[in-house]
Amino acid sequence: MSLNLIRESWIPVRDRSGNRRVIAPWQMANAELLRPDWPRPDLNLACLELLVGLIAIADPPANVEDWDDRRPADPDRLRERLEAYAPAFELTGGFPLFLADLRRPSN
């Protein structure tokens, strides 16, 4: 069994109706979602920072007009852009795994 931080649902969120659910990162572009809903404020902030970083790497706007043209946000576009980075976000399964140091130790 593998767990991929891009493809799998693992982020707790609140939606506009007050319901809590768990989503994958690309689903955060859904207009019905309000915010991450971790049990502590620092985890919410860390999650937002991760999401901003993922967007900045996977789908940065070319300019202000490009950013404006993306409103409303498109979850399918974000999913497509993030997919290129999914292999680097394997948490379990075969090597290499998320944040694994691929350098060989020197003797």
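Return yes when residue 82 is among the aliphatic types (A, V, I, L, M), at pLDDT 95 or above and under 15 Å from the mean Cα position of the chain (by Cα) and no when it is not.
Against the criterion (among the aliphatic types (A, V, I, L, M), at pLDDT 95 or above and under 15 Å from the mean Cα position of the chain (by Cα)), residue 82 qualifies.
For the range 37-55, give me the residue count where each residue is in contact (Cβ under 8 Å) with a residue 24 or more places away in the chain and over 17 Å from residue 89 (Cβ atoms).
Matching residues across the range 37-55 total 2.
Restricting to the range 1-56, name every residue that is touching a Leu at 6+ places or on another chain (Cβ under 7 Å) and loosely packed, with under 12 Cβ neighbours inside 10 Å.
Answer for the range 1-56, where residues must be touching a Leu at 6+ places or on another chain (Cβ under 7 Å) and loosely packed, with under 12 Cβ neighbours inside 10 Å: just 16.
The values are calculated or read from the model by the stated rules, or taken from the named source; none is laboratory data. This structure is a prediction, so every number in the text was calculated from the model and none was measured. A quick note on method: Cβ atoms are made from the backbone with ideal geometry, for glycine too, and the neighbour counts reach across all protein chains shown.
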